[in-house]
Each structure stands twice: as structure tokens, then as C-alpha cells.
1. Picking from A:GLY138, A:GLY167, which residue would you name as being closer than 30 Å to B:PHE25 by Cβ, modelled with pLDDT of 95 or more, assigned by TED's automatic domain parsing to the domain that holds A:LEU74 and over 16 Å from the mean Cα position of the chain (by Cα)?
2. In the list B:GLY9, B:GLY39, which residue meets the criterion of being exposed (fewer than 15 other Cβ atoms within 10 Å of the Cβ) and at the interface with chain A (Cβ under 7 Å from one of its Cβ atoms)?
3. Answer yes if at least one residue in the stretch A:99-115 is over 30 Å from A:ASP56 (Cβ atoms), open to solvent by 60 Å² or more (accessible area, probe 1.4 Å), among the polar types (S, T, N, Q) and without any contact (Cβ under 8 Å) to a residue 24 or more places away in the chain, and no otherwise.
4. What pairs can you find where one residue is in the stretch B:76-96 and touching a residue at least 40 places away in the same chain (Cβ under 8 Å), the other is of a type outside the set (A, V, I, L, M) and crowded, with 18+ Cβ neighbours inside 10 Å, and their Cβ atoms are less than 8 Å apart, with a gap of 6+ or different chains?
5. Answer yes or no: is there a residue in the stretch B:78-96 that is open to solvent by less than 30 Å² (accessible area, probe 1.4 Å) and more than 7 Å from chain A (Cβ to nearest Cβ).
6. What do you reckon, is B:GLY84 more than 30 Å from A:GLU135 (Cα to Cα) and out of contact with any helix residue (DSSP H, G or I) (no Cβ under 9 Å at 6 or more places or on another chain)?
7. Going through the stretch A:77-101 one residue at a time, which ones are at pLDDT 95 or above, within 24 Å of A:GLU174 (Cβ to Cβ) and either not assigned by TED's automatic domain parsing to the domain that holds A:GLU155 or not aliphatic (A, V, I, L, M) (or both)?
8. Out of the stretch A:53-80, which residues are touching a residue at least 12 places away in the same chain (Cβ under 8 Å), over 22 Å from A:LYS145 (Cβ atoms), in contact with a helix residue (DSSP H, G or I) (Cβ under 7 Å, 6 or more places away or on another chain) and open to solvent by 10 Å² or more (accessible area, probe 1.4 Å)?
Amino acid sequence: MTSDSADVALRVKALESLLVEKKLVDPKALDAVVELYETKIGPHNGAKVIAKAWTDPDYKKRLLENGTAAIAELGFSGVQGEDMLVVENTPDVHNMVVCTLCSCYPWPTLGLPPVWFKAAPYRSRAVIDPRGVLEEFGVTVPAEKEVRVWDSNAELRYLVLPERPPGTEDMSEEELAALVTRDSMIGTGLAKAA
Amino acid sequence: MNGVHDLGGTHGHGPINPEANEPVFHADWEKRVFALFFGTFAEGMLNVDQFRYAIERMAPAEYLRSSYYEHWLHTYELLLTEKGIITEAELAKKYAELKEAA
């Protein structure tokens, strides 16, 4: 630990201790929040949504028409997922999501955002050089394919519905979910090959 | 506001460098800072708009130099003292006590 991060850790401890002493926060409640976001809430939730959309055309239709309600059917609602728009990747269109102003991200389906999503390089460049950014993630989008970049905001969060990989016709929903990566739902990656 | 947080389209921030198999948190203090959002929000000490605006009020150089959860820490310190829920003196005293004990 550097002296700077040691100092930050101490400032955090001072703040929490003071709030606990004043009985304004309960440290056990904080523990529970941490456990929830480390274990229960993460991209495995979003992967279930995508796998269901790949296998159930009626669900996919509902998901694209009213993402918030269709995602709630699977139980993934709550803080920072109150209003969701699902955007579909097709042979003609590749979607990717950024939050240029800060870090807006659909917590119930993807968990907490990775550091790069919240940092200046991605936020600044995703909107002026999306193809260059995608190359950095190892994704080459052919010139004739349109790239659409969605800038998240405090009210509306986006989830990308990636293209279903070829050769997966016989796979179960559970097997398909294992092919859905976090980055494929942000749009900086593709679903894994079968 | 067109402050430093409005990063879209600005140049010179370097490569993205995504981390493979990234953990949810990178330090124990990050966990506490994150969870404090729910603690303070649930108790009505702050709301999301106040939180966002407090981050946007960071000094530009400090904003770019510090990490994401340091922005959050700055925000609690700023909002809770502005609202008089805690005072800067109390915070400084507690910090000094903990530093002494460390």
C-alpha cells in the first residue's frame, strides 16, 4: 500500500467510525451490502437475460419493447436498474455503451462497473473513436457495419443484446448463458464462440 | 455544467488497459466507501443528485488525479459537513486518533 492509499484508507475509517459513533450507520448493514455486490449481483444475472432472449422469441420481443419489465420478470430489478433500454446487435449494427459524465451502469444485470468503464480514457474516447476503442478490446467491426454508441445517464441504463454465436442451435439456456460475457453486454466484446 | 467530468470527446487520456479477471473491489476501503452510499442514502443524509453534483464540484486536477472511489469519499466528506451532519473538526479529530493508533 502506498502512503497515499494508506491515507485514503484512514480517511474512510475516520468517516465510517464517526458515523457509527453517531449511530447514523450500522457497520453490519454495510457488510451486507458488500457481500451482496461481491457475490449475488453481477454479470451472471445479465447473462441469464441474454440467454433467455436468444432462446425465447416472445421474451426477446418483450425485452426490446420494455427492457425494465422483461428484466424484472427474471428478478433483476432495483438500484441503478430502474429504467432499462436493451439494444440489439445484428449483422448490420454493433452497439456499445459508455457513460461520458461518470459511471452510470445497470447494476442489477451487470453488477458494479469495471475500473476502465469509470476512467477517463474509455469515457473520453468511446464517443469520438468507437472503432479504435473496440480494437483495444480486440473487437474489429467491419467498415460496412454501423457502430452505435449509447451514452448512459442517471435515469436510463443500457444493456447490449449481443449476437448469438453460430453453431449454438442445440445448446440449452444455461449453456448459452456461459457464453455471454460482461463485455459483450457493454458492447466492448462479443459473446464467446461455442 | 461543462466541468472536467464531461469527458466525452476530450483527447490525451491514454490507453484503456482493461484488467483481466478484475475483482469487484481493489481494496477493503473501497468496499466501505461503496457500502456507505447505501448507509447514507437509506438514512436520508444525501440523494443521488446531490451526490453527483458534489463529484462534479471537485477541483479539476484533483478529479483527474484521484480514483473513482476517492471521488465518492470526497463527496461524503463534502456533503455531510455541508449539511452539518458531521463537522470538519470531528472528522479531523477522528482521523488524528486513528493515525495515532495505527
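The values are calculated or read from the model by the stated rules, or taken from the named source; none is laboratory data. In this text the structure is predicted, and so the values were computed from the model without any measurement. Here the Cβ positions follow ideal geometry from the backbone for every residue, glycine too, while neighbour counts run over all protein chains shown. These accessible areas exclude ligands, DNA and RNA; they are computed on the full protein's heavy atoms, side chains included. Shrake-Rupley method; radii C 1.70, N 1.55, O 1.52, S 1.80 Å.
1. On the way: A:GLY167 fails: closer than 30 Å to B:PHE25 by Cβ.
Exactly one of A:GLY138, A:GLY167 is closer than 30 Å to B:PHE25 by Cβ, modelled with pLDDT of 95 or more, assigned by TED's automatic domain parsing to the domain that holds A:LEU74 and over 16 Å from the mean Cα position of the chain (by Cα), namely A:GLY138.
2. Numbers: B:GLY39 fails: exposed (fewer than 15 other Cβ atoms within 10 Å of the Cβ).
Result of the check over B:GLY9, B:GLY39: B:GLY9.
3. no
4. Hits for this filter: B:TYR76/B:THR40; B:LEU80/B:THR40.
5. Residues of the stretch B:78-96 open to solvent by less than 30 Å² (accessible area, probe 1.4 Å): B:79-80, B:86, B:91, B:94.
Checking which are more than 7 Å from chain A (Cβ to nearest Cβ) leaves us with B:79-80.
Within the stretch B:78-96, one or more residues are open to solvent by less than 30 Å² (accessible area, probe 1.4 Å) and more than 7 Å from chain A (Cβ to nearest Cβ).
6. On the way: more than 30 Å from A:GLU135 (Cα to Cα): yes; out of contact with any helix residue (DSSP H, G or I) (no Cβ under 9 Å at 6 or more places or on another chain): yes.
Yes.
7. Within the stretch A:77-101, A:GLU88, A:ASN89 meet the criteria.
8. Listed by number, the residues that qualify are A:THR55, A:LEU74, A:PHE76, A:SER77, A:GLY78, A:VAL79, A:GLN80.
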